[in-house]
Amino acid sequence: MSRKKQVLKLLLIAAFALNLHAQEETIKESSYNFTKINIGKGKPNFLEIGSDSCHGCKVMGKTLYKVSKENPNYNIDYINISKDRSLAQSLQISMIPTQIIYDKNGKEVFRHMGVIPETELMELLKTHKF
């Protein structure tokens, strides 16, 4: 194989590897109308409010994807606020990412703004009996 073909092959492999890395999994969006139906139905709910253009939101999305894959029975939802700006006002969101936990009766019991590290998130979910 010629040197030019070898270099081209290596570049293609590197591009493929970078593309795979760039497509890391993140939690999927939910509509708030769908999510609010489950709030107060006997299980706690974790609501992540963010945007697909926010770095901290992307970090939380990856963490929440991992947590929800490991704990599929947890009610964890991600709402993309950029698709429904009026929701920000009704949920009193002043900064993203914002996390809200509702207890099994639908009462808001926790609110946080910013990124939550995975270990703290797991402890928080345990504390609120997810």
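Couple of notes before you dig in:
- Count - residues of segment 87-130 that are of a type outside the set (Gly, Ala, Ser), closer than 20 Å to Gly40 by Cα and part of a helix (DSSP H, G or I): 5
- Residue within segment 39-54 that is loosely packed, with under 14 Cβ neighbours inside 10 Å and part of a helix (DSSP H, G or I) present: no
- Taking first residues from segment 29-44 that are farther than 17 Å from Ile79 by Cα and touching a residue at least 40 places away in the same chain (Cβ under 8 Å) and partners that are among the hydroxyl-bearing types (Ser, Thr, Tyr) and surrounded by 15 or more Cβ atoms within 10 Å (Cβ to Cβ), the Cβ contacts under 8 Å between residues at least 6 apart in sequence or on separate chains come to Gly40/Tyr102.
Computed from the coordinates by the stated procedures, all read-outs in this text should not be read as laboratory data. Note that the structure is a prediction, hence the values are computed from the model and not measured. No Cβ is skipped: glycine too gets one built from the backbone with ideal geometry, and neighbour counts run over all protein chains shown.
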